[in-house]
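**Student:** Encoded as structure tokens, here's the structure I'll be asking about.
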Amino acid sequence: KRSVYKGNKIALVIPAHNEERLMRDTLKGVPETIDRVYVVDDGSQDKTADIVRKYADIDPRVELIQHEQNKGVGAAIVTGYLQSSADDYEIAVVVGGDNQMPLEVVEDLLEPIARGEVDYTKGNRFLMPSVGLEGMPWTRFIGNAIISIMTKMASGYYKIYDVVDGYTAITRRAIDLIDWGKAWKGYGYPMD
């Protein structure tokens, strides 16, 4: 069954490395808005792939893509982006396999793209602290704040918050325009 959000087919990319503990809960939370789910198992040494395969038996939207070796979360996201584009999905949403990103608010990321205003949106856990920051250790909270401040100063764009939140959405057009060979393969994926 296709949902097609406002005329757009939506794919969800889930980069996963050793996420056996939370992967099932992440997949259970995928809303009907999502037409396809690509779980990119980035060389996991645990049962992540087995859990995804079993879940795919009950949810045909789920597809497992495997990296034989760990290449980094950035590489896993790029793999999902490229598969999403090749399969003709207009928008690709990214969430981690650790069930920390609230999929019930995915339409907040999709709406500006569906209206044609932007090609990329990014979540901000600080705008929904009861959902997005629950359980975040203070050290991570402070580290996030420091990185966000440094990014604001370096970029000159002061409206950006929560720069390390991986909850994003991107259009197929943008995926196809970017040279992903130049993307950093580790945590995050800033350009060289």
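**Student:** Which of the chymotrypsin sites (Phe, Trp or Tyr not before Pro) found in region 13-112 are loop residues per DSSP with 10 or fewer other Cβ atoms within 10 Å of their Cβ?
**Tutor:** none
**Student:** Within 10 Å of each candidate Cβ there may be at most 13 other Cβ atoms; applying that plus a DSSP loop requirement, which GluC sites (Glu not before Pro) in region 35-96 survive?
**Tutor:** Within region 35-96, the qualifying GluC sites (Glu not before Pro) (loop, at most 13 other Cβ atoms within 10 Å) are 68.
**Student:** While we're on this one: Let me know the whole percent of all Cα-Cα pairs from region 1-104 that are separated by more than 22 Å.
**Tutor:** Tail fraction, whole percent: 21.
**Student:** Okay, moving on. If the limit is 27 Å between Cα atoms, which of 47/122; 6/71; 54/182; 6/122; 28/122 go over it?
**Tutor:** Over 27 Å apart, Cα to Cα: 47/122; 6/71; 54/182.
**Student:** Find the relative contact order for region 15-89 and round it to a whole percent, using C-alpha pairs within less than 8 Å whose residues are 6+ positions apart.
**Tutor:** 37 percent
All of the numbers you see were taken from the coordinates with simple rules; none came from a lab. What you see is a predicted model; the values in this text were computed from it and never measured. Heads up, the Cβs are rebuilt from the backbone with ideal geometry, glycines too, and the neighbour counts pull from every protein chain shown.
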